[in-house]
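Read through the structure below, which is laid out as structure tokens, and then see the notes.
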């Protein structure tokens, strides 16, 4: 309807339905069209005009395209309410409109039939749709979208008629708009499918065709194509670089959605690039378009900032030099300011901390109280994450405290409490300034923070007793959090200054916390302290005054697994909510190249189900469980198995006698490079050389010993010794692993070799990295289920530990310059330092022997440097994680004279450094 048709939306008179019916049936074409426009206008404003259904549908018999559009619009709206009458239109659709010489009318007819969600009409749609997929390009692109609509109505019909195969064929169409619509339809089908059998996977040649169509598509067609390419796993590094090169020009597009989709493709393909120079070059190209997005409307700025915050967690240097772009403007909305603040915290470094702190200090003087609080907290986060700038951050906080603005002072005290937790015994000099602000504290969090500081440093605050007395005067009126802190701080004061004053205070607070409160947590804690102090004061000191966990850095608060999942969702709602699609859209699935990624992230419900199942099967897991489907009930047994399998901890591995320089006895080189593919063989190693993983008492006569060792090609395998202590032969074993951090899984099952009663046989099962990731922090835990068919299909569970050296990959030599570059680039990811409790005669030969032990287990020595005080070895290793390689860097210092050995480790994977130092300690011992 044109702009001059507004008159059709005027008020209506009584009897107008009959008037419209007469006009619709008028032979005059103009009056008929005007009447239909009036009907559509009435329908648009919510008036019921369904009684004119037959009259309007009869108007389909016309060659006027505008009239057909109006009738189709009416039909789409009322067909669901009038399904029987809607059949009247089928003949016109099938016999005339879908075979009309005009491709516009054919496309319009197919589109309308796809929008009419009536089963009887859907059946008639198939033949016209089949023809439309082979016709004019304009009709083909419309038909492609219609397939997705039909799939939503009747998925089985689409599968039976082969429409999905035709959609895949359209990916190679010569018309770029047809290609774009085919990609959009296949993506929609994939997300609508509940079975997952319609996974949209791309072949290498298809990707090149999509890239060729990219330059000629509309901007939304480009978005569909880019989103599909982002899920493609390149066959090799060269192909990944080629895709990056061809997609990079899209970063300059005027449409923000195209820019973000192109960025998503670059990020996904960079996972397959190992050349650090190529990665750096590609990442640098991301900076200008991301900065440009911040000049758009505030809503687009917000979406861009949320995506930028994800990207800089993975590539922290991409916008390191552009931090000024994120400075807040006076007219920025509150939601944009808060996101810019978060981005500035992530980008803050020792080089730019001065200008960042000046900005935060300026923000702390604004009128928006919530933004001021976040700005003050941002200063504390910078202090916690950048150790060298902590003193400067403290100085800024003290300047803010001097302003005497109530909410600024209180937020500063909360922040300083966190700094004290991060850097204990370093900045006690500011406590005096904090105590001067006690009168302004009226918020529970600020009070609790101040009380914590007083209790923690009670032995260094001269008037700590008086300060605590002031707080205790209003004990019963305080919030529960403040009461809990007062209770603990008073106990600390008494333990640090056991004089009459603190003794009176502790009696007072214990009495109030046990008699005058209804809060169970407060009362229970008070009883615990009371009994500790009355029975064993020394034990109370060890409990209450024990060292606390260090305050963690929250700048990169997403673990690597979650971050990688969300980076695959850049430019979608997931990257705004920081949740995978299934978390806020239950029907959606995140399937890439046939893998359901949501399963690895949405594990909370599964974990609770596993716990419940473990409780129900705790006794069953200790005995055969006949008739159980191993695949269905695998997870249910792990919780119970964990209780009975304490022997497989890390320390137990070190207890087995090994030859110097090795972790476990290895097979010969030929055997290691080509294990017997899961076949049984006569045992060549005594069972004492392998730790017992499953005892015969827990499995009715089946004993399994073994460990994971490395093959010559860098792939691990499980070296099992299976002993049959039953009275009948055993065969047909099956092994399955639960989700684990390194995604280990059996590459194949053992051959059906027979183990006679009383016999032991060795079995080497090759392992792959194609399992399911457990996510989270790095862990060596491996949970295994074994099925014994001849024991009534019983399933038994045991825990094992993955030796880190068994999964290290052979690595090419690394230069010291590259080592230094990677070492310095791993900031605030995963660092760990430890003194190795190893007695070692310090001489040049002995140091080389220690490094040789590491090199025998695939730790490569990059360089060995010496000075007057120490010999320093720089060592690297490489692991496979989620189909990508990650470096582990070590600096081992052999002190001259003292014999001490200190080791520092860095990795981009959270938790790996700690595990590496444990492995190094074990190997060098």
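The values are calculated or read from the model by the stated rules, or taken from the named source; none is laboratory data. As the structure is a computational prediction, the values presented were derived from the model and not from experiment. As a convention, Cβ positions derive from the backbone with ideal geometry for all residues, glycine included, and neighbour counts pool all protein chains shown.
Could you check segment 492-517 and list, in sequence order, the residues that are exposed (fewer than 15 other Cβ atoms within 10 Å of the Cβ) and more than 18 Å from residue 532 (Cβ to Cβ)?
Once the filter is applied, which keeps residues that are exposed (fewer than 15 other Cβ atoms within 10 Å of the Cβ) and more than 18 Å from residue 532 (Cβ to Cβ), segment 492-517 yields 499, 500, 504, 515, 516.
Hey, can you tell me all the residues within segment 287-300 that are part of a helix (DSSP H, G or I), in contact with a helix residue (DSSP H, G or I) (Cβ under 8 Å, 6 or more places away or on another chain) and within 19 Å of residue 252 (Cβ to Cβ)?
Once the filter is applied, which keeps residues that are part of a helix (DSSP H, G or I), in contact with a helix residue (DSSP H, G or I) (Cβ under 8 Å, 6 or more places away or on another chain) and within 19 Å of residue 252 (Cβ to Cβ), segment 287-300 yields 288, 289, 290, 291, 292, 293, 300.
Scan segment 692-706 and report the pairs whose first residue is surrounded by fewer than 17 Cβ atoms within 10 Å (Cβ to Cβ) and whose second residue is at pLDDT below 75 and part of a loop (DSSP other than H, G, I, E, B), with Cβ atoms within less than 8 Å and a gap of 6+ or a chain change.
Listed by first residue and then by second, the contacts come to 700/623; 700/624.
Checking the condition surrounded by fewer than 17 Cβ atoms within 10 Å (Cβ to Cβ), part of a helix (DSSP H, G or I) and either at negative phi or in contact with a strand residue (DSSP E or B) (Cβ under 8 Å, 6 or more places away or on another chain) (or both), which residue from 449, 476 passes?
476
Out of curiosity, is residue 183 within 30 Å of the chain's Cα centre (by Cα), under 19 Å from residue 132 (Cα atoms) and modelled with pLDDT of 85 or more?
Judged against the criteria, residue 183 is a match.
Taking into account only those residues within segment 24-39 that are part of a helix (DSSP H, G or I) and within 24 Å of residue 90 (Cα to Cα), which is farthest from the chain's Cα centre (by Cα)?
Here the residue is 29.
What are the pairs with Cβ atoms under 6 angstrom where one residue, in segment 748-759, is within 14 Å of residue 787 (Cα to Cα) and the other, located anywhere, is at pLDDT 80 or above? Sequence gap at least six, or different chains.
Between residues of segment 748-759 that are within 14 Å of residue 787 (Cα to Cα) and residues that are at pLDDT 80 or above, the close pairs are 749/734; 750/733; 750/763; 752/731; 752/732.
Among the residues that make up segment 254-273, is at least one of them part of a helix (DSSP H, G or I), surrounded by fewer than 19 Cβ atoms within 10 Å (Cβ to Cβ), modelled with pLDDT under 85 and under 25 Å from the mean Cα position of the chain (by Cα)?
No.
If residue 439 meets every condition in (1) surrounded by fewer than 18 Cβ atoms within 10 Å (Cβ to Cβ); (2) touching a helix residue (DSSP H, G or I) at 6+ places or on another chain (Cβ under 9 Å); (3) not in a loop (DSSP other than H, G, I, E, B) apart from one, which number is that one?
Unmet for residue 439, out of (1) surrounded by fewer than 18 Cβ atoms within 10 Å (Cβ to Cβ); (2) touching a helix residue (DSSP H, G or I) at 6+ places or on another chain (Cβ under 9 Å); (3) not in a loop (DSSP other than H, G, I, E, B): (2).
Checking residue 317 against (1) more than 19 Å from residue 568 (Cα to Cα); (2) part of a helix (DSSP H, G or I), which test does it fail?
(2)
Does residue 778 meet the test of being buried (at least 22 other Cβ atoms within 10 Å of the Cβ) and within 25 Å of the chain's Cα centre (by Cα)?
When the stated conditions are applied, residue 778 passes them.
For residue 75, indicate whether it is assigned to a helix (DSSP H, G or I), under 24 Å from residue 173 (Cα atoms), assigned by TED's automatic domain parsing to the domain that holds residue 190 and in contact (Cβ under 8 Å) with a residue 12 or more places away in the chain.
Judged against the criteria, residue 75 is not a match.
Is it the case that residue 388 is surrounded by fewer than 21 Cβ atoms within 10 Å (Cβ to Cβ), free of Cβ contacts under 8 Å to residues at least 60 places away in the same chain, more than 27 Å from the chain's Cα centre (by Cα) and within 16 Å of residue 347 (Cα to Cα)?
yes
Please pick out the residue among 848, 910 that is surrounded by fewer than 22 Cβ atoms within 10 Å (Cβ to Cβ), within 29 Å of residue 236 (Cα to Cα) and either in contact (Cβ under 8 Å) with a residue 24 or more places away in the chain or out of contact with any helix residue (DSSP H, G or I) (no Cβ under 9 Å at 6 or more places or on another chain) (or both).
Sole residue among the options that is surrounded by fewer than 22 Cβ atoms within 10 Å (Cβ to Cβ), within 29 Å of residue 236 (Cα to Cα) and either in contact (Cβ under 8 Å) with a residue 24 or more places away in the chain or out of contact with any helix residue (DSSP H, G or I) (no Cβ under 9 Å at 6 or more places or on another chain) (or both): 910.
Looking at segment 114-147 only, could you name the residues that are within 38 Å of the chain's Cα centre (by Cα) and either more than 17 Å from residue 165 (Cβ to Cβ) or surrounded by fewer than 24 Cβ atoms within 10 Å (Cβ to Cβ) (or both)?
Result: 114, 115, 117, 141, 142, 145.
Name the single residue, out of those in segment 40-61 being over 20 Å from residue 100 (Cα atoms) and outside any helix (DSSP H, G or I), that is farthest from the chain's Cα centre (by Cα).
Within segment 40-61, the match that is farthest from the chain's Cα centre (by Cα) is 49.
In segment 353-365, which residues are modelled with pLDDT under 90 and surrounded by 13 or more Cβ atoms within 10 Å (Cβ to Cβ)?
Once the filter is applied, which keeps residues that are modelled with pLDDT under 90 and surrounded by 13 or more Cβ atoms within 10 Å (Cβ to Cβ), segment 353-365 yields nothing.
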